[in-house]
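Data first, discussion second: the structure below is written as structure tokens.
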Amino acid sequence: MTNQDAMRLAIELAKKGTGYVSPNPLVGAVILKDGCILSTGYHQNYGNIHAEKAAINNCSDADLIGSDIVVNLEPCSHTGKQPPCSDLLIEKKIKSVVIGMSDPNPLVSGNGIMKLRQAGIDVTTSMLEEECKWLNRFFSKHISSGMPYVIAKAAISLNGCIAYEDGNSKWISSEESRSTVHQLRHETDAVMIGKHTALIDNPELTVRLITGRNPYRIVFDNNLELPLNLKLFNDDNKAKTIIICSEQSASKDKYKILTDSGVQTLIRKTSDKLEDTFRELYSRFSIGSILVEGGSILHNALLANNMIDEIQLFVAPKIIANGLASFMGNFTSKKAINENAFKVIANKMSGPDIHLILVRS
Ligand SMILES: NC(=O)c1ccc[n+]([C@@H]2O[C@H](COP(=O)([O-])OP(=O)(O)OC[C@H]3O[C@@H](n4cnc5c(N)ncnc54)[C@H](OP(=O)(O)O)[C@@H]3O)[C@@H](O)[C@H]2O)c1
């Protein structure tokens, strides 16, 4: 097996931790001896052992001296919830380490590689780097900025509408597209919607069409106007519902009813910018990635603040008469006007729909 094949395998292994390791990165490791796989491992759960150690544990009887390890992220050099992996590789007398990308964590960044090289280990970097960076794009964003990675998702008609005239938006995209959205919910730490979407759609925002874990559900409702009988406030997942509201609303009876029932809240001061709120979602709830499912007003607020990192767009082959426009773009700041440009990085069919993935250009 070549190192590149082993890196592909490491990436696939790393993906198995999706939904369970955040805010840690997704990491897989493959140990080779004379080009043959000796062992594999991946980071399975937050706080649990790292991929390198998992791979070493999975071949506890084997002689690792002179073996090679292929890992999609630079081995850590600091003690967090687990001891440093670079020390372990040195101790096991591994001959060479092939790395996909350096660790964007300022506590590691380059130190792991330096430690390995200083110990005489042959280190190759940037193997399938683009794929590795894409895999850990959420981690890279939050660990280097303190801000969650933001994906705006929308299902739109050919004429750019996200809802029918009556506000209904349930059947714009196909079953295949809805399954992909459930996969995205599984991959991200939280799903976010605006008050109107919560009111009109009464969504569950859970993962049902695939097997996966449920993310946090965040709703903007400044004045706590949403009715208490919404699914988000009553199902088994209500402890994973976070309502973002104003300071003034915190004195309302409804605030106490909601918090007493287990729903979580985040209070915004009048002076808080949208960015402050997202920073708090990261620092308080460890939310490192958010799938913003709309509606239009919320998407627009994020665009106006240059806060969208990625767009997942499902274009359905239909025209909606008198519908609600998506991504209105009616912002005035020069920065928002000049910098809201995206490039398509993937396009594919999703049943009858076209699924586009865009990132900032
Ligand atoms: N096709 C799709 O993919 C899709 C997805 C989602 C929704 N939809 C449709 O979209 C429609 C609703 O969209 P919409 O644009 O009318 O409303 P929306 O974005 O769902 O909600 C807007 C409201 O949320 C609160 N809010 C949003 N952003 C905020 C921010 N940054 N700061 C503070 N509060 C914020 C505000 O109410 P307060 O000030 O009172 O808090 C605001 O009026 C529905 O018909 C729904 O079915 C379609």
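No lab work stands behind these numbers, since they all come straight from the coordinates. Keep in mind that this is a model prediction, so the values were computed, not measured. Positions of Cβ are generated from backbone atoms using ideal geometry, with glycine treated the same way; all protein chains shown enter the neighbour counts.
The long axis of helix 175-187 is offset from the longest Cα principal axis of the chain by roughly 60 degrees.
Would you list, by chain and number, the lysines whose Cα falls below 26 Å from the Cα of K16, excluding same-chain residues fewer than 8 positions away? K16 reaches K33, K53, K81, K92, K133, K141, K153, K240, K348.
The gain in end-to-end length when the D253 to N202 segment is fully stretched comes to 16.2 nm, 0.36 nm per residue minus the alpha carbon separation. Sparse packing (at most 12 other Cβ atoms within 10 Å of the Cβ) combined with a DSSP loop state is found for the following trypsin sites (Lys or Arg not before Pro) in segment 260-361: K269, K273.
The gain in end-to-end length when the K16 to E130 segment is fully stretched comes to 39.1 nm, 0.36 nm per residue minus the alpha carbon separation. Over the chain, Cα pairs under 8 Å with separation of 6+ residues give a relative contact order of 16 percent. Comparing A239, A119, N168 along the charge dipole axis of segment 97-242, the residue lying farthest to the positive side is A119, per the Cβ-charge model.
Loop-located GluC sites (Glu not before Pro) across segment 114-187 with a Cβ neighbour count of 12 or fewer within 10 Å are E165, with loop assigned by DSSP. Spin-label model, A239/A341: points 7 Å from Cα along the beta carbon direction are separated by 4.8 nm. Note on segment 262-355: with charges restricted to the Cβ of Lys and Arg (+1) and Asp and Glu (-1), its dipole about the Cα centre is near 120 debye. Between R360 and A62, how high is the FRET efficiency from 1/(1 + (r/R0)^6) when r is the Cβ-Cβ distance and R₀ = 41 Å? Nearest 0.05. Result of the calculation: an efficiency of 0.35. Counting only Cβ charges, +1 for Lys and Arg and -1 for Asp and Glu, the dipole size of the chain around its Cα centre is about 440 debye. Partner aspartates and glutamates whose Cα lies under 19 Å from the Cα of K95, excluding those fewer than 8 positions away in the same chain, are identified as D5, D34, E52, D61, D63, D68, E74, D87, D122.
Sorting 6-18, 101-113 by average packing, meaning the other beta carbons within 10 Å per residue, from highest down gives 6-18, 101-113. Counting only DSSP beta bridges whose two residues both lie in the chain, roughly 45 percent are antiparallel. Could you tell me which of S86, N300, S39 has its Cα farthest along the dipole of the chain towards the positive end, charges placed at Cβ (Lys, Arg +1; Asp, Glu -1), taken about the Cα centre? Towards the positive end, the residue furthest out is N300.
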